[in-house]
Amino acid sequence: SRREGFSAIPNVKWEDVGGLDSLRKEFDRYIVRRIKFPEDYEGFGVDLETGFLLYGPPGCGKTLIAKAVANEAGANFIHIKGPELLNKYVGESELAVRTLFSRARTCSPCILFFDEVDALTTKRGKEGGWVVERLLNQLLIELDGAEQRRGVFVIGATNRPEVMDRAVLRPGRFGKLLYVPLPSPYERGLILEALGRKKPIDASVDLCIIGQMEACENLSGADLAALINEAAMIALEEKLTSTESTSDAAPSTIKTQHFERALGKIS
Ligand code: ATP
(Lines give C-alpha, C1' and ligand atoms only; values in the text may rest on other atoms or scores of the structure.)
Protein backbone atom coordinates (compact mmCIF):
# COMPACT_ATOMS: atom_id res chain seq x y z
CA SER A 1 0.00 0.00 0.00
CA ARG A 2 1.03 3.58 -0.48
CA ARG A 3 3.01 5.48 2.08
CA GLU A 4 0.83 7.74 4.17
CA GLY A 5 0.90 11.34 2.99
CA PHE A 6 2.66 10.42 -0.26
CA SER A 7 2.63 13.35 -2.70
CA ALA A 8 2.48 13.42 -6.50
CA ILE A 9 0.60 15.15 -9.29
CA PRO A 10 -2.48 12.97 -9.90
CA ASN A 11 -3.29 11.75 -13.38
CA VAL A 12 -7.01 12.57 -13.22
CA LYS A 13 -7.98 15.10 -15.89
CA TRP A 14 -11.00 17.40 -16.03
CA GLU A 15 -12.44 15.28 -18.82
CA ASP A 16 -12.44 12.28 -16.46
CA VAL A 17 -14.98 14.14 -14.33
CA GLY A 18 -18.56 14.08 -15.60
CA GLY A 19 -20.83 17.01 -14.73
CA LEU A 20 -19.99 19.12 -11.64
CA ASP A 21 -19.55 22.17 -13.87
CA SER A 22 -20.24 24.85 -11.28
CA LEU A 23 -17.80 23.21 -8.87
CA ARG A 24 -15.19 23.16 -11.54
CA LYS A 25 -15.65 26.89 -12.12
CA GLU A 26 -15.30 27.61 -8.40
CA PHE A 27 -12.11 25.59 -8.13
CA ASP A 28 -10.76 27.20 -11.25
CA ARG A 29 -11.13 30.64 -9.64
CA TYR A 30 -10.06 29.69 -6.16
CA ILE A 31 -7.20 27.28 -6.84
CA VAL A 32 -6.12 26.52 -10.41
CA ARG A 33 -5.83 30.03 -11.78
CA ARG A 34 -4.46 31.30 -8.52
CA ILE A 35 -1.59 28.83 -8.74
CA LYS A 36 -0.97 29.32 -12.46
CA PHE A 37 -1.43 33.09 -12.70
CA PRO A 38 -0.96 34.61 -9.25
CA GLU A 39 -0.40 38.04 -10.82
CA ASP A 40 -4.08 38.12 -11.92
CA TYR A 41 -5.01 38.30 -8.25
CA GLU A 42 -2.73 41.10 -7.17
CA GLY A 43 -3.86 44.58 -6.31
CA PHE A 44 -7.41 43.91 -5.15
CA GLY A 45 -6.57 43.22 -1.54
CA VAL A 46 -8.98 40.31 -1.53
CA ASP A 47 -8.62 37.53 1.02
CA LEU A 48 -9.54 34.45 -0.95
CA GLU A 49 -10.41 31.24 0.86
CA THR A 50 -7.81 28.45 0.78
CA GLY A 51 -9.84 25.82 2.63
CA PHE A 52 -12.81 23.90 1.18
CA LEU A 53 -15.25 21.29 2.34
CA LEU A 54 -16.85 19.02 -0.23
CA TYR A 55 -19.93 17.37 1.18
CA GLY A 56 -22.61 15.10 -0.17
CA PRO A 57 -23.56 11.45 -0.70
CA PRO A 58 -20.80 8.86 -1.26
CA GLY A 59 -19.38 8.09 -4.68
CA CYS A 60 -20.30 11.33 -6.45
CA GLY A 61 -16.83 12.57 -7.33
CA LYS A 62 -15.43 14.43 -4.33
CA THR A 63 -12.06 12.68 -4.47
CA LEU A 64 -12.08 12.69 -8.25
CA ILE A 65 -12.60 16.44 -8.60
CA ALA A 66 -9.99 17.23 -5.94
CA LYS A 67 -7.45 15.19 -7.92
CA ALA A 68 -8.48 16.87 -11.18
CA VAL A 69 -7.98 20.28 -9.58
CA ALA A 70 -4.43 19.31 -8.58
CA ASN A 71 -3.69 17.95 -12.03
CA GLU A 72 -5.05 21.03 -13.75
CA ALA A 73 -3.03 23.33 -11.49
CA GLY A 74 0.12 21.21 -11.79
CA ALA A 75 0.06 20.90 -8.02
CA ASN A 76 1.11 18.03 -5.80
CA PHE A 77 -1.66 16.07 -4.10
CA ILE A 78 -1.51 14.55 -0.66
CA HIS A 79 -4.38 12.19 0.13
CA ILE A 80 -4.99 11.51 3.77
CA LYS A 81 -7.88 9.55 5.26
CA GLY A 82 -9.17 11.10 8.46
CA PRO A 83 -9.39 7.84 10.42
CA GLU A 84 -5.75 7.00 9.57
CA LEU A 85 -4.59 10.00 11.58
CA LEU A 86 -6.59 8.76 14.55
CA ASN A 87 -5.22 5.24 14.57
CA LYS A 88 -2.13 6.29 16.40
CA TYR A 89 -0.90 6.44 19.94
CA VAL A 90 -1.78 9.49 21.96
CA GLY A 91 0.50 12.31 20.95
CA GLU A 92 1.41 10.72 17.63
CA SER A 93 -1.68 12.09 15.96
CA GLU A 94 -0.66 15.69 16.60
CA LEU A 95 2.82 14.99 15.31
CA ALA A 96 1.30 13.36 12.23
CA VAL A 97 -0.77 16.49 11.55
CA ARG A 98 2.26 18.77 11.93
CA THR A 99 4.36 16.54 9.68
CA LEU A 100 1.61 16.47 7.10
CA PHE A 101 1.37 20.23 6.80
CA SER A 102 5.12 20.68 6.77
CA ARG A 103 5.41 18.12 4.00
CA ALA A 104 2.67 19.96 2.08
CA ARG A 105 4.60 23.24 2.38
CA THR A 106 7.77 21.54 1.16
CA CYS A 107 6.09 20.36 -2.02
CA SER A 108 3.95 23.43 -2.65
CA PRO A 109 1.97 24.21 -4.71
CA CYS A 110 0.11 21.41 -3.04
CA ILE A 111 -3.41 20.23 -2.36
CA LEU A 112 -3.87 18.53 0.96
CA PHE A 113 -6.95 16.34 0.70
CA PHE A 114 -8.62 15.07 3.89
CA ASP A 115 -10.99 12.25 3.07
CA GLU A 116 -13.58 11.41 5.77
CA VAL A 117 -12.56 14.61 7.52
CA ASP A 118 -15.55 14.31 9.88
CA ALA A 119 -13.62 11.58 11.74
CA LEU A 120 -11.16 14.25 12.92
CA THR A 121 -13.73 16.73 14.01
CA THR A 122 -16.48 14.68 15.65
CA LYS A 123 -16.90 14.13 19.32
CA ARG A 124 -16.59 10.46 20.22
CA GLY A 125 -16.55 8.35 23.37
CA LYS A 126 -14.64 9.56 26.40
CA GLU A 127 -11.21 8.22 25.46
CA GLY A 128 -11.59 8.97 21.77
CA GLY A 129 -13.02 12.39 22.56
CA TRP A 130 -9.82 13.45 24.22
CA VAL A 131 -7.57 12.19 21.44
CA VAL A 132 -9.81 13.76 18.82
CA GLU A 133 -9.84 17.05 20.67
CA ARG A 134 -6.05 17.29 20.83
CA LEU A 135 -5.81 16.33 17.20
CA LEU A 136 -8.48 18.86 16.28
CA ASN A 137 -6.61 21.59 18.14
CA GLN A 138 -3.44 20.79 16.25
CA LEU A 139 -5.37 20.80 12.99
CA LEU A 140 -6.80 24.23 13.80
CA ILE A 141 -3.35 25.57 14.61
CA GLU A 142 -2.06 24.38 11.25
CA LEU A 143 -5.10 25.67 9.35
CA ASP A 144 -4.86 29.07 11.01
CA GLY A 145 -1.22 29.44 10.06
CA ALA A 146 -2.40 30.73 6.71
CA GLU A 147 0.59 33.04 6.37
CA GLN A 148 2.89 30.06 6.28
CA ARG A 149 0.47 28.13 4.11
CA ARG A 150 1.45 29.81 0.85
CA GLY A 151 0.61 27.55 -2.03
CA VAL A 152 -1.02 24.93 0.20
CA PHE A 153 -4.74 24.44 -0.35
CA VAL A 154 -6.80 22.24 1.91
CA ILE A 155 -9.82 20.27 0.71
CA GLY A 156 -11.88 18.15 3.08
CA ALA A 157 -14.53 15.62 2.06
CA THR A 158 -17.39 14.23 4.09
CA ASN A 159 -20.74 12.47 3.80
CA ARG A 160 -21.76 13.81 7.21
CA PRO A 161 -21.15 17.55 7.45
CA GLU A 162 -23.75 17.82 10.23
CA VAL A 163 -21.55 15.96 12.75
CA MET A 164 -18.61 18.29 12.22
CA ASP A 165 -17.46 20.78 14.78
CA ARG A 166 -18.57 24.27 13.71
CA ALA A 167 -15.12 25.61 14.60
CA VAL A 168 -13.50 23.95 11.59
CA LEU A 169 -15.98 25.43 9.13
CA ARG A 170 -14.93 29.01 9.71
CA PRO A 171 -13.19 31.15 7.06
CA GLY A 172 -9.51 30.29 6.74
CA ARG A 173 -10.19 26.71 7.85
CA PHE A 174 -12.58 24.56 5.79
CA GLY A 175 -14.32 27.85 5.08
CA LYS A 176 -15.91 27.30 1.72
CA LEU A 177 -18.64 24.67 1.67
CA LEU A 178 -19.37 23.03 -1.64
CA TYR A 179 -22.15 20.51 -2.15
CA VAL A 180 -21.52 17.54 -4.44
CA PRO A 181 -24.97 16.14 -5.25
CA LEU A 182 -26.19 12.92 -6.79
CA PRO A 183 -26.10 13.43 -10.57
CA SER A 184 -29.22 14.48 -12.47
CA PRO A 185 -30.33 12.26 -15.39
CA TYR A 186 -28.45 14.53 -17.80
CA GLU A 187 -25.34 14.48 -15.61
CA ARG A 188 -25.48 10.68 -15.43
CA GLY A 189 -25.03 10.74 -19.20
CA LEU A 190 -22.02 13.05 -18.85
CA ILE A 191 -20.49 10.77 -16.22
CA LEU A 192 -20.99 7.70 -18.42
CA GLU A 193 -19.32 9.57 -21.28
CA ALA A 194 -16.38 10.54 -19.08
CA LEU A 195 -16.01 6.94 -17.85
CA GLY A 196 -16.56 5.56 -21.37
CA ARG A 197 -13.56 7.34 -22.82
CA LYS A 198 -11.38 4.49 -21.62
CA LYS A 199 -13.70 1.70 -22.77
CA PRO A 200 -14.46 0.28 -26.25
CA ILE A 201 -18.00 1.66 -26.44
CA ASP A 202 -19.72 0.78 -29.71
CA ALA A 203 -20.43 3.76 -31.98
CA SER A 204 -24.14 2.87 -31.91
CA VAL A 205 -24.39 3.46 -28.15
CA ASP A 206 -25.85 6.74 -26.87
CA LEU A 207 -24.57 7.03 -23.30
CA CYS A 208 -26.67 10.14 -22.78
CA ILE A 209 -29.84 8.15 -23.39
CA ILE A 210 -28.65 5.33 -21.13
CA GLY A 211 -27.97 7.84 -18.37
CA GLN A 212 -31.53 9.08 -18.61
CA MET A 213 -33.13 5.63 -18.39
CA GLU A 214 -35.37 5.06 -15.42
CA ALA A 215 -33.24 2.10 -14.34
CA CYS A 216 -30.42 4.58 -13.66
CA GLU A 217 -32.52 6.59 -11.22
CA ASN A 218 -30.52 7.55 -8.10
CA LEU A 219 -27.27 5.96 -9.27
CA SER A 220 -24.12 7.72 -8.09
CA GLY A 221 -20.98 8.19 -10.16
CA ALA A 222 -19.46 5.17 -8.41
CA ASP A 223 -22.58 3.12 -9.30
CA LEU A 224 -22.25 4.24 -12.92
CA ALA A 225 -18.60 3.16 -12.91
CA ALA A 226 -19.74 -0.25 -11.67
CA LEU A 227 -22.44 -0.33 -14.37
CA ILE A 228 -20.00 0.36 -17.19
CA ASN A 229 -17.64 -2.25 -15.81
CA GLU A 230 -20.42 -4.82 -15.63
CA ALA A 231 -21.44 -4.04 -19.23
CA ALA A 232 -17.81 -4.48 -20.31
CA MET A 233 -17.64 -7.84 -18.52
CA ILE A 234 -20.82 -9.04 -20.23
CA ALA A 235 -19.42 -7.96 -23.63
CA LEU A 236 -16.13 -9.70 -22.90
CA GLU A 237 -17.89 -12.86 -21.76
CA GLU A 238 -19.86 -12.87 -25.01
CA LYS A 239 -16.71 -12.46 -27.06
CA LEU A 240 -14.92 -15.26 -25.23
CA THR A 241 -17.90 -17.58 -25.69
CA SER A 242 -18.22 -16.81 -29.38
CA THR A 243 -14.52 -17.37 -30.12
CA GLU A 244 -14.86 -20.81 -28.54
CA SER A 245 -17.65 -21.87 -30.89
CA THR A 246 -16.74 -20.17 -34.19
CA SER A 247 -13.69 -18.72 -35.82
CA ASP A 248 -15.56 -15.58 -36.95
CA ALA A 249 -14.30 -12.20 -35.86
CA ALA A 250 -15.96 -11.78 -32.48
CA PRO A 251 -17.68 -8.58 -31.35
CA SER A 252 -15.24 -6.51 -29.37
CA THR A 253 -17.26 -3.45 -28.41
CA ILE A 254 -19.74 -2.70 -25.66
CA LYS A 255 -23.26 -2.33 -27.04
CA THR A 256 -26.57 -1.04 -25.73
CA GLN A 257 -27.81 -4.57 -25.06
CA HIS A 258 -24.81 -5.12 -22.75
CA PHE A 259 -25.76 -2.03 -20.79
CA GLU A 260 -29.35 -3.23 -20.57
CA ARG A 261 -28.28 -6.60 -19.22
CA ALA A 262 -25.86 -4.94 -16.80
CA LEU A 263 -28.68 -2.72 -15.53
CA GLY A 264 -30.80 -5.80 -14.98
CA LYS A 265 -28.03 -7.27 -12.86
CA ILE A 266 -27.29 -4.29 -10.66
CA SER A 267 -30.87 -3.20 -9.97
P1 ATP B 1 -16.76 8.88 -0.95
O2 ATP B 1 -17.60 9.87 -0.22
O3 ATP B 1 -17.30 7.47 -0.89
O4 ATP B 1 -15.30 8.97 -0.69
P5 ATP B 1 -16.44 10.39 -3.40
O6 ATP B 1 -17.52 11.39 -3.57
O7 ATP B 1 -15.08 10.84 -2.99
O8 ATP B 1 -16.96 9.21 -2.50
P9 ATP B 1 -15.10 9.37 -5.69
O10 ATP B 1 -14.10 8.55 -4.95
O11 ATP B 1 -14.65 10.63 -6.29
O12 ATP B 1 -16.35 9.63 -4.77
O13 ATP B 1 -15.78 8.48 -6.81
C14 ATP B 1 -15.62 7.08 -6.86
C15 ATP B 1 -15.55 6.62 -8.30
O16 ATP B 1 -16.82 6.82 -8.93
C17 ATP B 1 -14.57 7.43 -9.13
O18 ATP B 1 -13.29 6.88 -9.09
C19 ATP B 1 -15.19 7.34 -10.52
O20 ATP B 1 -14.89 6.11 -11.14
C21 ATP B 1 -16.68 7.35 -10.23
N22 ATP B 1 -17.25 8.71 -10.24
C23 ATP B 1 -17.89 9.32 -9.22
N24 ATP B 1 -18.30 10.54 -9.57
C25 ATP B 1 -17.91 10.73 -10.84
C26 ATP B 1 -18.03 11.81 -11.77
N27 ATP B 1 -18.67 12.96 -11.46
N28 ATP B 1 -17.50 11.66 -12.99
C29 ATP B 1 -16.87 10.51 -13.35
N30 ATP B 1 -16.72 9.47 -12.50
C31 ATP B 1 -17.23 9.56 -11.27
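For residue 32, are the conditions met, namely being touching a residue at least 40 places away in the same chain (Cβ under 8 Å) and either farther than 27 Å from residue 190 by Cα or outside any loop (DSSP other than H, G, I, E, B) (or both)? Considered against the rule, which asks whether it is touching a residue at least 40 places away in the same chain (Cβ under 8 Å) and either farther than 27 Å from residue 190 by Cα or outside any loop (DSSP other than H, G, I, E, B) (or both), residue 32 comes out as yes.
Given 64, 23, which one is within 25 Å of residue 211 (Cβ to Cβ) and in contact with a strand residue (DSSP E or B) (Cβ under 9 Å, 6 or more places away or on another chain)?
The match here is 23.
Against the list (1) in a helix (DSSP H, G or I); (2) among the polar types (S, T, N, Q); (3) within 16 Å of the ligand (Cβ to nearest atom); (4) touching a residue at least 24 places away in the same chain (Cβ under 8 Å), the condition residue 99 fails is (3). Going by the conditions given, is residue 32 at pLDDT 95 or above and open to solvent by less than 40 Å² (accessible area, probe 1.4 Å)? Considered against the rule, which asks whether it is at pLDDT 95 or above and open to solvent by less than 40 Å² (accessible area, probe 1.4 Å), residue 32 comes out as yes. Of the numbered conditions (1) within 30 Å of residue 104 (Cα to Cα); (2) at pLDDT 95 or above, residue 189 satisfies every one except a single condition; which is it? Residue 189 satisfies all of (1) within 30 Å of residue 104 (Cα to Cα); (2) at pLDDT 95 or above except (1). Given the structure, is residue 55 open to solvent by 60 Å² or more (accessible area, probe 1.4 Å) and without any contact (Cβ under 8 Å) to a residue 24 or more places away in the chain? No: the conditions fail for residue 55.
Could you tell me whether any residue of the range 198-212 is under 17 Å from the mean Cα position of the chain (by Cα) and either within 15 Å of the ligand (Cβ to nearest atom) or aromatic (Phe, Trp, Tyr) (or both)? No, there is no match, as no residue in the range 198-212 is under 17 Å from the mean Cα position of the chain (by Cα) and either within 15 Å of the ligand (Cβ to nearest atom) or aromatic (Phe, Trp, Tyr) (or both). Picking from residues in the range 15-27 that are in contact (Cβ under 8 Å) with a residue 24 or more places away in the chain and under 27 Å from residue 168 (Cα atoms), the one that is most open to solvent (accessible area, probe 1.4 Å) is 24.
Residue by residue, here is whether (1) open to solvent by less than 70 Å² (accessible area, probe 1.4 Å); (2) in a helix (DSSP H, G or I); (3) away from the ligand (no atom under 16 Å from the Cβ) holds:
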position	(1), (2), (3)
48	yes, no, yes
66	yes, yes, no
69	yes, yes, no
72	yes, yes, no
79	yes, no, no
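Only residues that are open to solvent by 80 Å² or more (accessible area, probe 1.4 Å) and not in a loop (DSSP other than H, G, I, E, B) were counted across the range 164-215, and they come to 7.
I'd like to check something: does the range 237-244 contain any residue that is in a helix (DSSP H, G or I), open to solvent by 20 Å² or more (accessible area, probe 1.4 Å), touching a residue at least 60 places away in the same chain (Cβ under 8 Å) and among the aliphatic types (A, V, I, L, M)? No, the range 237-244 contains no residue that is in a helix (DSSP H, G or I), open to solvent by 20 Å² or more (accessible area, probe 1.4 Å), touching a residue at least 60 places away in the same chain (Cβ under 8 Å) and among the aliphatic types (A, V, I, L, M).
The values are calculated or read from the model by the stated rules, or taken from the named source; none is laboratory data. Note that the structure is a prediction, hence the values are computed from the model and not measured. Because the Cβ atoms are built from the backbone with ideal geometry, glycine has one as well, and the counts that use them run over all protein chains shown. All accessible areas refer to the heavy atoms of the entire protein, side chains included, with ligands and DNA or RNA removed. Shrake-Rupley method; radii C 1.70, N 1.55, O 1.52, S 1.80 Å.
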